[in-house]
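Shown next, in structure tokens, is the structure this report addresses.
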Amino acid sequence: MTPPPETATQPAKAAPPAHGEADALRRMLRDMLLIRRFEEKAGEAYALGKIGGFCHLYIGQEAVAVGTMAALRPDDYILTSYREHGQALARGISARAVMAELFGKATGSSAGKGGSMHIFDTSLNFLGGHAIVGGHIPLVTGVAFAIKYREGDQVAVGFFGEAAVNNGAFHEALNMAALWRLPAVYVCENNRYGMGTALERASAIYDVAQRACSYDMPAEVVDGMDVLAVRDAVARAAERGRLRSTPTLLEVRTYRFMGHSMSDPIHGHYRTKEEVEDAKAKDPIHAFAARLRADGLLDDDRWQTMEAEVADEVDDAVRFADESPEPAPETLLADVYREPAEGAR
């Protein structure tokens, strides 16, 4: 199935690289490569039975996570859906902690209790990993409300897929954010398919960004295969939130190269092999590497070193997860409820 003709809304393009940010740009390339190799290894581990439950890979969408995190501060808050391995790694959760969580081990980021869909790290303000489609979008609004209530200047950033925008929770959450002028950035990772249903078969409008008009909210359509375009758009949205307490909806158009989950064949019955191959021709990692080469910021030696370092890091994460202990039985009920603060009623 091919997408409908382009509408008047076109993805925002990236600005030219600023002088002096060569190391930051190469770091972004490395982060995308780490996500890609990590996810490939996770797919292998799932096939070997080392990962149980559901597992949704992020292959193809790396530029969205890396570009977003590059525009944010360490004290900003991140909430995401169940396809969150990429965001977790880009935020700075170690490959060891994420892989161990996928393996259900005690050394995982959620102590082995969350698995693939519930990765958390409050030390990095990474507030999950949520399995219910659209269910976490009101939480983004709630966190943004808390920021404003405390008179902070952080932003709350929420990732979700395009299928979530047809849920009532999405509309209620964005309405509240606009009404109360909250510092929220809603990042719709539009990969065109909610499981196996194409966007145009489930939505009355093709441009998700147009939905922001209902709430008089700023919005942009962003090229999600261009990491710098994502970074620039999120930076604009974050500044809008910090300085004017104004929320933003970003429709970031991307594409997953794999199936919806490990139970879904790569091509399935809802898209053709040719469509997937056409999307792979716009691979965000290869495109960004080519751009850095053209700008004289990357050569063969740097690339080979980067690939070797990433391969070692991912292999180390798998070994760490393999050798880590299972959660102890006595921890089964730990962290289910929060202990009340002293003096609380």
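What follows draws every value from the coordinates through simple rules; no lab data is involved. Quick caveat, the model's predicted, so the values are computed rather than measured. Because the Cβ atoms are built from the backbone with ideal geometry, glycine has one as well, and the counts that use them run over all protein chains shown.
Label separation (PHE54 vs CYS213): 3.2 nm, computed from points 7 Å beyond Cα along the C-beta direction. Normalised by the number of residues in the chain, the average gap of Cα pairs under 8 Å and 6 or more apart makes the relative contact order 24 percent.
In this label model, GLU326 and ASP295 are separated by 4.9 nm, measuring between points 7 Å along each Cα→Cβ vector. Phi-derived couplings, Karplus 6.51 cos²θ - 1.76 cosθ + 1.60 at θ = phi - 60°, listed residue by residue for region 54-62: 8, 8, 10, 8, 9, 4, x, 9, 4 Hz, with x used for Gly and Pro.
Of PRO218, VAL234, MET117, which is farthest towards the positive pole of the chain's charge dipole, taken about the Cα centre with +1 and -1 on the beta-carbons of Lys, Arg and Asp, Glu respectively? Of the options given, the answer is PRO218.
Taking every DSSP bridge with both residues inside the chain, close to 10 percent are antiparallel. Its Cα centre serving as origin, the chain has a Cβ charge dipole (Lys and Arg +1, Asp and Glu -1) of approximately 820 debye. The residues packed around CYS213, meaning those with a beta-carbon under 14 Å from its beta-carbon, carry a net charge of -3 if Lys and Arg are +1 and Asp and Glu are -1.
Could you tally the net charge around ALA88, taking each other residue with its Cβ under 13 Å from the Cβ of ALA88, Lys/Arg +1 and Asp/Glu -1?
Overall, the nearby charge balance is -3.
Across region 152-161, coupling constants 3J(HN,Hα) worked out from phi with the 6.51/-1.76/1.60 Karplus curve, θ = phi - 60°, read x, 10, 7, 10, 9, 10, x, 9, 7, x Hz, and Gly and Pro carry x. Measuring between their Cα centroids, region 288-345 and region 191-228 lie 29 Å from each other. Build a GNM of the chain with springs between Cα atoms under 10 Å apart, and of PHE120, PHE159, PHE54 the one that fluctuates most is PHE54.
For the chain, the mean residue ellipticity at 222 nm estimated from helices alone is -13000 deg cm²/dmol, where every DSSP H run of n ≥ 4 contributes -39500 (n - 2.57) and the total is divided by all residues, rounded to the nearest 500. Return the FRET efficiency for the residue pair TRP180, ALA202: r is the Cβ-Cβ distance, R0 is 22 Å, and the value is rounded to the nearest 0.05. Efficiency, rounded to the nearest 0.05: 0.15.
Considering only THR254, THR272, THR246, the Gaussian network model of the chain with Cα springs below 10 Å gives its largest mean-square fluctuation to THR272.
Mean-square fluctuations from a GNM of the chain, with a 10 angstrom spring cutoff on Cα atoms, peak among LEU89, LEU249, LEU48 at LEU48. Sequence-ordered 3J(HN,Hα) estimates for region 309-321 from the Karplus curve with 6.51, -1.76 and 1.60 and θ = phi - 60° stand at 5, 5, 4, 5, 5, 6, 4, 4, 5, 5, 4, 4, 5 Hz, glycine and proline given as x. Taking amide H as placed 1.01 Å from N in the peptide plane, VAL222 has its amide H under 5 Å from the amide H of ALA12, GLU251, VAL252, ARG253, each at least 5 places away in sequence or on another chain. Under a 5 Å amide H cut-off, with hydrogens placed 1.01 Å from N, GLY194 pairs with LEU199 among residues at least 5 apart or on other chains.
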